[in-house]
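Report on one structure; see the data block that follows.
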Amino acid sequence: VVLLEQFPTERRGGLLTTVVPRLLTIAAMEEDLLEATDLVHDTVGFVRPGSLEAAILEAHYHKDVKLCIHLDALGSILAVPKSQATQTTLAKTYMLGKESLRRVVRSSSNPLPRQLAKAML
């Protein structure tokens, strides 16, 4: 994080695309999610939806349900909009927990995107 802050602003853009999903993943693993959220916010400011999506897709690929749930919570705290791909991945992750799935549905646009509805079936 310290090295990232020392990088020249004009060179940070491409680097952030690679680093922010990893930073989100590391933050989501922390015990104190609020403290980790503050660190992410202070370091990168606004988190793009694509960065959250990349982190969630990676966690889902590795079948790390707990990490997916923590990344979802982190994204919510940071008010990062979730793309359809992110919502679909979270729906697949939350299939085992009805209450968690209801939370994803409530936060989704109305009516549900086709991809999200398909993932729920």
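The values are calculated or read from the model by the stated rules, or taken from the named source; none is laboratory data. If you're wondering where the values come from, they're calculated on a predicted model, not measured in any experiment. Quick reminder, even Gly has a Cβ in these numbers, built from the backbone with ideal geometry, and neighbours come from all protein chains shown. Just so you know, the surface numbers come from the protein's heavy atoms only, side chains and all, with ligands and any DNA or RNA stripped out. Shrake-Rupley method; radii C 1.70, N 1.55, O 1.52, S 1.80 Å.
Conditions (1) open to solvent by less than 70 Å² (accessible area, probe 1.4 Å); (2) modelled with pLDDT of 75 or more; (3) among the hydrophobic types (A, V, I, L, M, F, W, C), marked per residue:
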site: K63; (1), (2), (3): no, yes, no
site: K66; (1), (2), (3): no, yes, no
site: I77; (1), (2), (3): no, yes, yes
site: T89; (1), (2), (3): yes, yes, no
site: S100; (1), (2), (3): yes, no, no
site: V105; (1), (2), (3): yes, no, yes
site: L112; (1), (2), (3): yes, no, yes
site: A117; (1), (2), (3): yes, no, yes
site: L121; (1), (2), (3): no, no, yes
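The one condition from (1) buried (at least 17 other Cβ atoms within 10 Å of the Cβ); (2) at pLDDT 85 or above that A73 does not meet is (1). Counting the residues of segment 50-90 that are within 16 Å of L23 (Cβ to Cβ) and β-branched (V, I, T) gives 3. Listed conditions (1) surrounded by 16 or more Cβ atoms within 10 Å (Cβ to Cβ); (2) at pLDDT 90 or above; (3) part of a helix (DSSP H, G or I) are all met by T43, apart from (2).
Taking the conditions (1) at pLDDT 90 or above; (2) in a loop (DSSP other than H, G, I, E, B); (3) surrounded by fewer than 14 Cβ atoms within 10 Å (Cβ to Cβ) in turn, E31 satisfies each one other than (1).
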